[in-house]
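Data block below; observations after.
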Amino acid sequence: SNLLIIFLIYYFFCKKKIGSIKYQYFNIFLLGGGIYIFTFIINTHHDYRLMYLILCVPLIVSIDNKPFKIFYLIVLILSLELQRMLLLMGFWGGAINSLSKLILFYISFIIYLDIINKSMLKIVNYKN
């Protein structure tokens, strides 16, 4: 059901808004983001794959949309800091950390879909 929600969000809301973004460093984003995204979908041990999101940082930093860039980086940091969040805020720290991981999954998957969509359109337009 998460996949259906993401596809609907992408095609009805995000496709027009992020359609004009030209991505740099998208190959390493596809590598790092892909490992996290598909581990999140298939397996429950996605926490161990968060380190691969370091490969997503160059693409995020190169995006011109400053609020989005800051939001993504804050969510990334919050999702990596489970022990400190639990120590500082107890239950709510764990809840914020889990919510951050879910938001990070959604955002990364939407960017991943946009990169794949643009790559496929390039291939189709190149053949025509």
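The values are calculated or read from the model by the stated rules, or taken from the named source; none is laboratory data. All values reported here derive from a predicted model rather than from experimental measurement. For neighbour counting, all protein chains shown are included, and Cβ atoms are generated from backbone atoms with ideal geometry for every residue, glycine included. We work out accessible area using only protein heavy atoms, side chains counted, and drop any ligands, DNA or RNA first. Shrake-Rupley method; radii C 1.70, N 1.55, O 1.52, S 1.80 Å.
Cβ-Cβ distances below 8 Å connect the following pairs, each with a first residue in region 36-58 that is in contact (Cβ under 8 Å) with a residue 12 or more places away in the chain and over 19 Å from Leu113 (Cβ atoms), a second residue that is open to solvent by less than 30 Å² (accessible area, probe 1.4 Å) and among the hydroxyl-bearing types (Ser, Thr, Tyr), and a separation of six or more residues or different chains: Leu50/Tyr36; Leu50/Ser79. Scanning region 73-91 for residues that are over 26 Å from Gly33 (Cα atoms) and either outside any helix (DSSP H, G or I) or under 23 Å from the mean Cα position of the chain (by Cα) (or both) turns up just one, Gly90. Condition check for Thr44 on (1) surrounded by fewer than 16 Cβ atoms within 10 Å (Cβ to Cβ); (2) assigned to a helix (DSSP H, G or I): one failure, at (2).
Mind checking which residues of region 97-116 are more than 9 Å from the chain's Cα centre (by Cα), open to solvent by less than 30 Å² (accessible area, probe 1.4 Å) and under 16 Å from Lys22 (Cα atoms)? If you could, list the steps in order and put the result at the bottom.
Keep residues of region 97-116 that are more than 9 Å from the chain's Cα centre (by Cα), which gives 97-102, 113-116.
So of that shortlist, the ones also open to solvent by less than 30 Å² (accessible area, probe 1.4 Å) come out as 97, 100-101, 113-115.
Of everything in region 97-116, those that are more than 9 Å from the chain's Cα centre (by Cα), open to solvent by less than 30 Å² (accessible area, probe 1.4 Å) and under 16 Å from Lys22 (Cα atoms) turn out to be Leu113, Asp114, Ile115.
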